[in-house]
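To keep things clear, I will list the structure first and then write my remarks on it.
The values are calculated or read from the model by the stated rules, or taken from the named source; none is laboratory data. These numbers were taken from a predicted model, which means no experiment stands behind them. Neighbour counts are summed over all protein chains in view; Cβ atoms, including those assigned to glycine, are modelled from backbone coordinates with ideal geometry.
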Amino acid sequence: MRLADAGPDGETHLDPAEQARAAGITAPVARRDFLAGRIALRAFAAGILGVRPGELTADYSCPDCGTGPELDHGRPGYRLHGAPAGLILSLSRSRGWALLAAGRAGAARETGTAGMTIGVDLEHSAGVMFPEFDDVALTAAERQLLVALPPEKAIPWRASAWARKEALLKAHGTGLRIDPASVEAFAESADGTVVLDLDTVALGLPAGFAAALAIVEMA
Ligand SMILES: CC(C)(COP(=O)(O)OP(=O)(O)OC[C@H]1O[C@@H](n2cnc3c(N)ncnc32)[C@H](O)[C@@H]1OP(=O)(O)O)[C@@H](O)C(=O)NCCC(=O)NCCS
C-alpha cells in the first residue's frame, strides 16, 4: 500500500508508546511514514480479525527489551481485549510504500512445532547502490554469484538479496543484530525456513522494488 493512503484519523487509535515514538522522530517525512505504517498495520490486523482498530493494543517484542504495550519497537503484534490477538505480523516501509503481511497464529497445533513466524521486507534498488554494499551485506558465496551476473541484473539482484535477508532476520525476530553478511539469502534451508520473492507488479508497486517474505518454523 501507499503510506499516504493510511487514514489520518487512525492516529487516534495508536497507543501511548506508539505516539511517544512518533513524537521523538524529528524528520517530518520519517514521522509521517512511521505513523502511517503503524495505522495501516493496525487497520490491517483489525480487518482480518473483524474488530475495530481501537479494540487492539500494540504488543511488540524485542529480544533485548521484552514484550508489551510499553514497547515502541521490535516484532509487531497486538492483543485483543487483553488476550493475544492470534495473528503473526510483519511490516516494511520503503520510499512511501509499505508491505504488510499477516498469518494466523496457532499453526503449532497443526505442525507439532512452537508455531510459525513471518518477516517481510521491501527494498528499492536505489537503496543498494552504494559502493560498500557488497562488503557489508553479502556473504562470500553471494559475492561470487554476483560476479557471474550480467551488469544490468546486478542492482535488482542486490535489492532482492537484501529484501530476502531482512525478511529472514525479521522472521527470526533479531533484525540487524545479526550481521547481514552472515545470512545466506538464496540458500536452501535445512530447517523448513522458506523465503519467497514476492511479485512486485502483482502487489501494485512501481518499478524498482524487490520484496520478500520469509516463513520460519519455531522449534
Ligand atoms: C528490523 C530492521 C532490520 C528493520 O529496519 P528497516 O529496514 O529500516 O525498516 P522496515 O521498514 O523494513 O521495517 C521496520 C519494521 O520492522 C519490524 N521490526 C523491527 N524490529 C523487528 C524485529 N526484531 N523482529 C521482527 N520485526 C521487527 C517493525 O514492524 C518495524 O516497524 P516500526 O518501525 O513500525 O516499528 C531494523 O529495525 C532492526 O535491525 N532492528 C533491530 C535493532 C533494534 O531495533 N535495535 C534497537 C532496539 S533494542
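Take ALA27 and tell me if it is closer than 26 Å to VAL201 by Cβ and at pLDDT 95 or above.
Numbers: closer than 26 Å to VAL201 by Cβ: no; at pLDDT 95 or above: yes.
No; evaluated as a whole, the condition is false for this residue.
Suppose the filter is surrounded by 14 or more Cβ atoms within 10 Å (Cβ to Cβ) and within 15 Å of the ligand (Cβ to nearest atom); does ALA105 pass it? Can you show your working first?
Values: surrounded by 14 or more Cβ atoms within 10 Å (Cβ to Cβ): yes; within 15 Å of the ligand (Cβ to nearest atom): yes.
So ALA105 passes the test.
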query = Which fully enclosed helices (runs of 4 or more DSSP H) of segment 122-219 have 2 or more residues being loosely packed, with under 15 Cβ neighbours inside 10 Å and aliphatic (A, V, I, L, M)?
reply = 140-147
ask   = Among the numbered criteria (1) more than 27 Å from ARG75 (Cα to Cα); (2) within 15 Å of the ligand (Cβ to nearest atom); (3) not aliphatic (A, V, I, L, M), which single criterion is violated by GLU166?
value = (1)
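Sort out which residues of segment 176-213 are near the ligand (Cβ under 10 Å from one of its atoms) and in contact (Cβ under 8 Å) with a residue 24 or more places away in the chain, and write them in order of number. Break it down into steps so the answer makes sense when it comes.
First, the residues of segment 176-213 that are near the ligand (Cβ under 10 Å from one of its atoms): 176-178, 180.
ARG177, PRO180 - these are the residues of segment 176-213 that are near the ligand (Cβ under 10 Å from one of its atoms) and in contact (Cβ under 8 Å) with a residue 24 or more places away in the chain.
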key: Yes/no for PRO53 being in contact (Cβ under 8 Å) with a residue 40 or more places away in the chain, out of contact with any strand residue (DSSP E or B) (no Cβ under 7 Å at 6 or more places or on another chain) and over 24 Å from HIS124 (Cα atoms)   = yes
task = Give ARG21, ARG79 a once-over and let me know the one that is surrounded by 13 or more Cβ atoms within 10 Å (Cβ to Cβ), modelled with pLDDT of 95 or more and in a strand (DSSP E or B).
result = ARG79
request  = Can you tell me which residue among GLY54, GLY66, GLY74 is touching a helix residue (DSSP H, G or I) at 6+ places or on another chain (Cβ under 9 Å) and on the phi > 0 side of the Ramachandran plot?
outcome  = GLY74
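Yes or no: segment 18-32 includes at least one residue that is touching a residue at least 60 places away in the same chain (Cβ under 8 Å) and either near the ligand (Cβ under 10 Å from one of its atoms) or more than 18 Å from the chain's Cα centre (by Cα) (or both).
Just the residues of segment 18-32 that are touching a residue at least 60 places away in the same chain (Cβ under 8 Å), to begin with: none.
No, every residue in segment 18-32 fails to be touching a residue at least 60 places away in the same chain (Cβ under 8 Å) and either near the ligand (Cβ under 10 Å from one of its atoms) or more than 18 Å from the chain's Cα centre (by Cα) (or both).
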ask   = farther than 19 Å from GLY115 by Cβ, near the ligand (Cβ under 10 Å from one of its atoms) and crowded, with 21+ Cβ neighbours inside 10 Å, is that true of SER94?
value = yes
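Being within 8 Å of the ligand (Cβ to nearest atom) and assigned to a loop (DSSP other than H, G, I, E, B) is the filter; apply it to segment 59-76 and report the residue that is nearest to ILE118 (Cα to Cα). Quick ask: steps written out before the conclusion?
The first filter runs over segment 59-76 and keeps only residues within 8 Å of the ligand (Cβ to nearest atom), leaving 60-65, 72-76.
Those still in the list that are assigned to a loop (DSSP other than H, G, I, E, B) too: 63-65, 72-74, 76.
On the way: PRO63: 16, ASP64: 19, CYS65: 20, ASP72: 19, HIS73: 16, GLY74: 13, PRO76: 10 Å.
Checking each candidate, the answer is PRO76.
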